[in-house]
1. Could you tally the net charge around residue 96, taking each other residue with its Cβ under 15 Å from the Cβ of residue 96, Lys/Arg +1 and Asp/Glu -1?
2. Please list, or write none, the aspartates and glutamates whose alpha carbon is within less than 13 Å of the alpha carbon of residue 463, excluding same-chain residues fewer than 8 places away.
3. Which FRET efficiency value, to the nearest 0.05, is calculated for residue 319 and residue 48 with the Förster distance at 45 angstrom and r the Cβ-Cβ distance?
4. Under 27 Å from the Cα of residue 75, which lysines turn up, not counting those fewer than eight places away in the same chain?
5. Spelling out what I want: for every residue of the stretch 496-513, take phi, set θ = phi - 60°, compute 6.51 cos²θ - 1.76 cosθ + 1.60 (Karplus), and round to whole Hz; glycine and proline get x.
6. Can you tell me how much longer the chain between residue 184 and residue 406 gets when fully stretched, taken as 0.36 nm per residue apart minus their C-alpha distance, in nm with one decimal?
7. In what sequence do 193, 286, 304, 428 fall when counting other Cβ within 10 Å, fewest first?
8. Among 247, 90, which comes first, second and so on when ranked by fewest other beta-carbon atoms within 10 Å?
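What follows is calculated from the coordinates using simple rules that are stated; it is not laboratory data. Source: prediction; values computed, not measured. As a convention, Cβ positions derive from the backbone with ideal geometry for all residues, glycine included, and neighbour counts pool all protein chains shown.
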Amino acid sequence: MKEKLYEKVKKYMDVHGMTEPGDCVAAGVSGGADSVCMLHLLTRLQKEIPFRLTVVHVNHGLRPEAGEDAAFVEKLCGQWGIPFYLREVDMAGYAAAHKLSPEEAGRLLRYQVFQEVLGEIKAGDRGRIAVAHNADDRAETMLFHMFRGSGLKGLSSIRPVRESVIRPLLCVSREQIEAYLAAEGLAWREDATNGEDAYARNRIRHHILPYAQKEICGRAVPHMGELADILEETEKYLEKQTDRLYDRYVSEDVGRKKGGTGISDSDEEPGDLYGEVTIRLAGFRTEDVAMRRRILLRALERITPRRKDITARHIAGLMELTEKEGSKELSLPYGIRAVKEYGTLFLRRTKEESAPGQQVAENSSPAVECAGLPEICIAESALEPGVPVEFPVPDTGGFTFILWETSFLPAASFFYRKEQNIPENRYTKWFDYDKITTSLLLRTRRTGDYLTIDNALHTQSVKQYMINEKIPKAKRDCMYLLADGSHILWVPGYRVSRQYRVGKNTKRILEVRLRGGNDGGTDRSTVDGAGGR
């Protein structure tokens, strides 16, 4: 029996590429039956595959007998000649501070410790973290996720390999593990809490799964393992398709939140980012509903600290939002605001986050977060002919102004054409400087601002222009404009006013360039006919 189990585990590890010669493996060993069995099998495997093996034991500081567990594992490592690392954590304190369940806090802290120890010892080798989940654990997790309303990823349950984490025992049952230990004459430690029904997983373990095996199918556990493998393969394929469509429809302007935990469970990768995720809905709406849901889930994952806080209700709310007409808004967990405007969905999260349980609610308009941006005056005294002068602008980049006197230019006709159109460049514009009546200002919009929109000098309000151009409402009050009093010379990236066009009789030309910032990248040099209207 024991040789059969060893060969089964060795084959399973080989199929999933869990270890290679030269690897450094940090094994998480609690002293329980599963982890003792895994450690013994790894010591045997070392004789066939040369890899370094280290044991990490985490004392969570909860049970009185925790010190005895640590001493048991340390003694075992001494007998087998394996380096031993003991780490102590305050699981209860961490759970309270981060509003987590004790079980979740313990899992996060364990993986943090495993990563820290592995980082200390691997010395350039490929690092692996071995944990002792078995086939029963996988079946219990599948049921747990199913009862909670999980999607395909949750139903695929515990994976054999997840980045640096390997699970050699996922192919064998708890009963087989205990039989192996008995055959080898190996003792282990029992955690008294495993016999309690305080945790949902324990109730599944003690009541639901045994009933299924006894009354429905004796091979329920291996069958669920086979299903998990199929679901994992399906999920991997769908992940690739999601990657492809995500790149097509989604863009991100995000940054890492400061002050986060920095802890990542191997089976749940928190995004914990702030900023803005933009989804272009025109093509998005033509995709299959299953892929649309996955794209929305991926976008939320990027800015949500814990994936488990994203529910089917949140995805359903976003799906409904993408299908509605007009501008709408939803409030989501962790201070995320979903705003739909003109065929674009914005997911925004600021550095100040709200509680994870915040309800989905529809509101009439998004909050303006850019009031009070400073005005910048470009006085004539600051402009020396032919000398570039740059004015940095918050969150926009830099505006560079150059005043040209045409009498000193060998080819002044460069600045106009037969139809008196200036060159069509979205982020570099030229104006007749002598038509400016006041000192120029870089500022945000005001009531009464207008543009001249044609050669007959008809005017249009900036407000109406922005509506017509489908500029998102949340962006309008944050855009810097180049203004001559209430007359707007330029809405950067969009229209210039025809009043200030360069002509044959122009004596002084003001060249204005916009570079960097959040309105289109760092090199604003692309020629685009749409920007030269």
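1. Taking every other residue near residue 96 into account, the sum is -2.
2. Correct list for residue 463: 449, 477.
3. Working: r = 52 Å, r/R0 = 1.15.
Once the sixth-power term is evaluated, E becomes 0.30.
4. Partners within reach: 2, 10, 47, 122.
5. With the stated coefficients, the stretch 496-513 comes to 10, 7, 5, 4, 9, 5, 7, x, 5, 8, 5, 9, 10, 10, 9, 9, 10, 10 Hz.
6. 70.4 nm
7. Working: 193 11, 286 8, 304 25, 428 18.
Placing the least packed residue first, the sequence is 286, 193, 428, 304.
8. 247, 90
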